[in-house]
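**Student:** Below you'll find the structure I mean.
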Amino acid sequence: MKKFCTGILLLGLLFTVLQSGAQDKKKETAKCLECHKKVNENPFVHKPSGRSCLTCHESNGKPHPSDKAEGFKLTEKLPALCYQCHDDMSEGKSVHPPVKRGFCLDCHEVHSSKNQKLTFAASPEVCFFCHSELEKKADNSGHVHSAIREGNSCLTCHSPHMASQPRLLQAEEKELCLQCHDKVIRKDSLGFRNIKKELEINRFIHGAIEKNGCSGCHDPHAATDSKLLKAAFPQGTYVNAKDKQNVALCFKCHDPALLEKKTTTLTSFRNGEQNLHFKHTYKFKGRNCTNCHGIHAGPNQFMLLDEVKFGNWMMPLKYTRTEQGGSCITACHAVKSYARTIQ
Ligand code: HEC
Ligand code: HEC
Ligand code: HEC
Ligand code: HEC
Ligand code: HEC
Ligand code: HEC
Ligand code: HEC
Ligand code: HEC
Ligand code: HEC
Ligand code: HEC
């Protein structure tokens, strides 16, 4: 019984001490604010700054204010100070260098801010402050992805601190892109196809997507080439692959020897040693790859298509694969067949 009473007494005492401690801090903070009103003046106030200055500042014994000496020091160095109350952000598959170095104040105000989440500017400006090359690119490229400026801008795709995906990505790249590209997007007078559906209804998906997601071909931010492509690729029916630069995109990953005139190894699209890729593409008004192949996906092996756009017309393409080659009927020609080994 005696022990219990002492316990109660001690607890009571502790409470009183804490109470008066809190009262002291409140009074002290009110005093600080008489001279430092500005620190908490912005609409978004950091909770501890609204409560007590002494959580993070402590007197170093010198008079304050004074011309010579600084009267206050931080109770703890950065970023340890922040990690007293916030989860550690310095570990992860990708960690943003300023976060790794503990430079929280490169992006955040610590007392109060005009912006949510205490950033010194809203996104994308807070990002462009250091990533100015990207801002220049967005200003100067003919094709800019609106996602980098609209809505949550950079934060739609990137975490500002750290992530379990490379490049600080919020989710696996393909999933990230398909969050928006899961429908036909209409913008001004333009329409953009539903890519998620394209990948769902077709049996054969481009290995580029399986292996590298979408950024093997598209720049997610901005590009000189149309469709945000990282290298040249023609729109429309025709291509002249004599200048391989015209189809540079495909040859970022595929061997340009695919278009050698004669071969018995470089492509299976050949008649004997006559390369049918060469024949179709290597001339003025050569056929664009998209006349036969889907780019993201296709219903047949090698993403070969059943119909292709020709002007305003969807032209049927009847391709049949055989052990030694194949045959094809289109509106351009009656049945034509090829065989890799000519008997
Ligand atoms: C009588 C006015 C006054 C009061 C009260 C006051 N300050 Fe200051 N404080 C100043 C002036 C003046 C400066 C120097 C000019 C400046 O940096 O803004 C200063 C500078 C500071 C600085 C930056 C320089 C340094 O010493 O590290 C901190 C931090 C600071 N004050 C914290 C506090 C805290 C915390 C309190 C309350 C416990 C407080 N001040 C109370 C007037 C005051
Ligand atoms: C969550 C921790 C934290 C709290 C709470 C806090 N501060 Fe600070 N304060 C900092 C840090 C960190 C710095 C930056 C120190 C540096 O740049 O070296 C700073 C800097 C300052 C400065 C000098 C630079 C400036 O921004 O003007 C003043 C003055 C100041 N604080 C006053 C206050 C006052 C007054 C309060 C209470 C109303 C307060 N602080 C509450 C963390 C805090
Ligand atoms: C004493 C505890 C404490 C310390 C130390 C502290 N914070 Fe906080 N911080 C909080 C609390 C509490 C909140 C409010 C959380 C909420 O509302 O969910 C917060 C919120 C924030 C927010 C988000 C604001 C918002 O609107 O959600 C940021 C950014 C932040 N802190 C940054 C920092 C940084 C940077 C430091 C180190 C300089 C730091 N904090 C130190 C307690 C602390
Ligand atoms: C490169 C800029 C940048 C740096 C450096 C940075 N932050 Fe942030 N932080 C942000 C942005 C932007 C947000 C808002 C995120 C959002 O709205 O989704 C944010 C949000 C927060 C939040 C709110 C909760 C959350 O996670 O969304 C906290 C807490 C926070 N930061 C703490 C810190 C701490 C602690 C550090 C230093 C270790 C730090 N930040 C470094 C940009 C930064
Ligand atoms: C204080 C400077 C600074 C600010 C502000 C800043 N960054 Fe960075 N960021 C860097 C540095 C340094 C690197 C590493 C070098 C590089 O890639 O440019 C980097 C790299 C990155 C990377 C590549 C990471 C990787 O793993 O390859 C991404 C993505 C990124 N930042 C996004 C952002 C976003 C989003 C914002 C705004 C919320 C932002 N940054 C704001 C300094 C900054
Ligand atoms: C639609 C999603 C998306 C948006 C929005 C976005 N990014 Fe990225 N970002 C990516 C992807 C995916 C990568 C990695 C692929 C690559 O490097 O091409 C990347 C890479 C980066 C890199 C690494 C270097 C580089 O250029 O490859 C930086 C830095 C970066 N982004 C900053 C930003 C900034 C700053 C913003 C806002 C202005 C932003 N990103 C908006 C998806 C996005
Ligand atoms: C926040 C929604 C959103 C996300 C996430 C998104 N996009 Fe987009 N995307 C759009 C919109 C809206 C358009 C329509 C054109 C425009 O506004 O830029 C578009 C257009 C495009 C275009 C056609 C551009 C043109 O000018 O022809 C490509 C290619 C593209 N996105 C690729 C991607 C890739 C790759 C990713 C993932 C890294 C991605 N998108 C993630 C919203 C998004
Ligand atoms: C092998 C390269 C390659 C990869 C990988 C790739 N694309 Fe494309 N994408 C293209 C080409 C080439 C075009 C332009 C020709 C066309 O529209 O088919 C295009 C067009 C687009 C368009 C514009 C469609 C329209 O109707 O204008 C969007 C949106 C798009 N891609 C999104 C994506 C997304 C999302 C991914 C990842 C799931 C992705 N792409 C992966 C090459 C690629
Ligand atoms: C980012 C790299 C990349 C780019 C760019 C690229 N591809 Fe591919 N492509 C692949 C990968 C990976 C495969 C899977 C087969 C392999 O590993 O060689 C593949 C397979 C194919 C196939 C099917 C062949 C097979 O073996 O299944 C065709 C057809 C094809 N690509 C056409 C194109 C065309 C047309 C372009 C240009 C618009 C292009 N590719 C651009 C990486 C790429
Ligand atoms: C006239 C239709 C047609 C055109 C145009 C065409 N291809 Fe093909 N391609 C095929 C056929 C058919 C096959 C499959 C041949 C087989 O396996 O019998 C094929 C196969 C491929 C393969 C798989 C490897 C191989 O060659 O066996 C790649 C990669 C490829 N094409 C890329 C391209 C690229 C890049 C372009 C544009 C420069 C292109 N194709 C243009 C019909 C075409």
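Coordinate-derived values only; no laboratory data. Here the structure is a predicted model, which means the values were calculated and not measured. Cβ atoms come from the backbone with ideal geometry, glycine included; neighbour counts cover every protein chain shown.
**Student:** Would you mind checking the pairs K37/K68; K211/K309; K31/K62 and listing those with alpha carbons more than 24 angstrom apart?
**Tutor:** Cα-Cα > 24 Å for K211/K309; rest within.
**Student:** Grab the Cα-Cα distance for K309 and K26, subtract it from 0.36 nm times how many residues apart they are, and report the gain in nm with one decimal.
**Tutor:** Values: separation 283, 0.36 × 283 = 101.88 nm, distance 7.31 nm.
My answer for the length gained is 94.6 nm.
**Student:** Still on this structure, I have one more. Report the Cα-based extents of the stretch 28-81 along its three principal axes, largest first, to the nearest Å.
**Tutor:** 33, 28, 16
**Student:** Taking every pair of Cα atoms in the chain, average 1/r, invert it to obtain the Kirkwood radius, and report Rg/Rh to two decimals.
**Tutor:** Numbers: Rg = 32.0 Å, Rh = 26.1 Å.
Reported Rg/Rh (Cα atoms, Kirkwood Rh): 1.23.
**Student:** While we're on this one: How many angstrom lie between the C-alpha centres of the stretch 211-231 and the stretch 56-80?
**Tutor:** Taking the Cα centre of each part, the stretch 211-231 and the stretch 56-80 sit 51 Å apart.
**Student:** Give the aspartates and glutamates whose C-alpha is closer than 13 Å to that of K318, dropping any in the same chain fewer than 8 places away, or say none.
**Tutor:** Partners within reach: D306, E307.
**Student:** Considering only S123, S59, S189, give the residue with the highest GNM mean-square fluctuation for the chain, with springs between Cα atoms whenever their separation is below 10 Å.
**Tutor:** S189
**Student:** Still on this model: Do any of K183/K230; K114/K230; K183/K336; K100/K183; K114/K196; K183/K283 go past 32 Å between their Cα atoms, and which?
**Tutor:** Listed pairs above 32 Å: K114/K230; K183/K336; K100/K183; K114/K196; K183/K283.
**Student:** What FRET efficiency would be calculated for the residue pair S59, A80, taking the C-beta separation as r and a Förster radius of 30 Å, to the nearest 0.05?
**Tutor:** That pair, S59 with A80, gives E of 0.90.
**Student:** Here is a follow-up. Full extension from A232 to A257: what is 0.36 nm times the residue separation minus their Cα-Cα distance, to one decimal in nm?
**Tutor:** Gain on extension, A232 to A257, equals 7.2 nm.
**Student:** For S164 and Q179 in one chain, what is 0.36 nm times their gap in residues minus the Cα-Cα distance, to one decimal in nm?
**Tutor:** Difference between extended and current length: 3.6 nm.
**Student:** Say R0 is 56 Å: what FRET efficiency, to the nearest 0.05, do T224 and S327 get from their beta-carbon distance?
**Tutor:** Using R0 = 56 Å, I get an efficiency of 0.90.
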